[in-house]
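A short worksheet on the structure shown next.
The values are calculated or read from the model by the stated rules, or taken from the named source; none is laboratory data. Computed from a prediction, not measured in an experiment: that's the story for all the values here. Note that we place each Cβ from the backbone using ideal geometry, even for glycine, and neighbour counts take in every protein chain shown.
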Amino acid sequence: MKEAVKYTEYALAQTDLDNAVALYLKKYENPNSYNNKLKPIIHLYRFLGLPLQVRLKKVNHDNLIIAPSYEQVVAGFRQIKDNIDIARFYLLCSTTLLRPQFIVTLAWSNIDLENKVINVRVDKKTKHYRSQIIHKALIPYLTPSTATTTQIFTHCYDYYQKKIRHSTGLNPSQLRDFAYNAMLKAGMNSLLVEWLMGHSIGMAVHYLADNIKEEYVKSIPFCNIRFWANNTMVS
């Protein structure tokens, strides 16, 4: 929202509000990203009592998004697997649905190795969590026995992005897209996958949020056995 306001203020100095909105949204081709950026603008127009000609884009949840192949992701991992810090970030991007920019903020307290989930609080008032699977390839990289800080990562997002792009030719967002496709192929509930991606799914979020930890833990054996077990990234 702050980004939208800042960009709109700048654009308004050059043109009118409608054109400023159009210029801002032009940057986002992906329907989910486009819709997420448009929603606060819709609320702004409603508050101002102004008509808005722009509409939300239709999202087809049956279609997989364009992402690197399994072979590309594995080949990339082999290039950086000897650097524990980079490999840990790479695996978190390619086996969870957390946003890469958020991954660098994770603390060791978010990691639940006993239940093999990463607990991420999404609502401080209700204490709802959006738990993520810990893939078996990640477990050796998430053992905090030698940790000297509360945070898992000690560098900023740009540091990891540049390292991974330079070594593998991939970027962290592409790795997350790979995880998205992999989980759908594993047979996970598509609505659950969308919610774990952070996408808006309307009223369905209420019943998913109430049982998200239980539902996601149920999917761990299915996901590991049916897809990941035969395609481990660790050679």
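Quick grid of which residues meet (1) touching a Ser or Thr at 6+ places or on another chain (Cβ under 9 Å); (2) surrounded by 16 or more Cβ atoms within 10 Å (Cβ to Cβ); (3) without any contact (Cβ under 8 Å) to a residue 24 or more places away in the chain; (4) closer than 18 Å to Tyr157 by Cα:
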{"position": "Ala75", "(1), (2), (3), (4)": "yes, no, no, no"}
{"position": "Ala87", "(1), (2), (3), (4)": "no, yes, no, yes"}
{"position": "Ser94", "(1), (2), (3), (4)": "no, yes, no, yes"}
{"position": "Ile103", "(1), (2), (3), (4)": "yes, yes, no, yes"}
{"position": "Leu106", "(1), (2), (3), (4)": "no, yes, no, yes"}
{"position": "Leu113", "(1), (2), (3), (4)": "yes, no, no, no"}
{"position": "Lys116", "(1), (2), (3), (4)": "no, yes, no, no"}
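Can you confirm whether Ala229 is among the small types (Gly, Ala, Ser) and at pLDDT 80 or above?
Details: among the small types (Gly, Ala, Ser): yes; at pLDDT 80 or above: no.
In short, no.
Taking the residues in region 43-64 that are under 21 Å from the mean Cα position of the chain (by Cα) and either surrounded by 14 or more Cβ atoms within 10 Å (Cβ to Cβ) or outside any loop (DSSP other than H, G, I, E, B) (or both) as candidates, determine which candidate is modelled with the lowest pLDDT.
Looking only at region 43-64, we keep the residues that are under 21 Å from the mean Cα position of the chain (by Cα), and these are 56-64.
Keeping just the survivors that are either surrounded by 14 or more Cβ atoms within 10 Å (Cβ to Cβ) or outside any loop (DSSP other than H, G, I, E, B) (or both) gives 57, 59.
Details: Lys57: 78, Val59: 63.
Looking at residues that are under 21 Å from the mean Cα position of the chain (by Cα) and either surrounded by 14 or more Cβ atoms within 10 Å (Cβ to Cβ) or outside any loop (DSSP other than H, G, I, E, B) (or both), I get Val59.
Which condition does Ala13 not pass, out of (1) within 20 Å of Leu196 (Cβ to Cβ); (2) at pLDDT below 80; (3) of a type in the set (Gly, Ala, Ser), if it passes all the others?
Unmet condition: (1).
Quick one: would you say Ser190 is of a type in the set (S, T, N, Q), in the same structural domain as Leu98 (by TED's automatic domain parsing) and modelled with pLDDT of 70 or more?
yes
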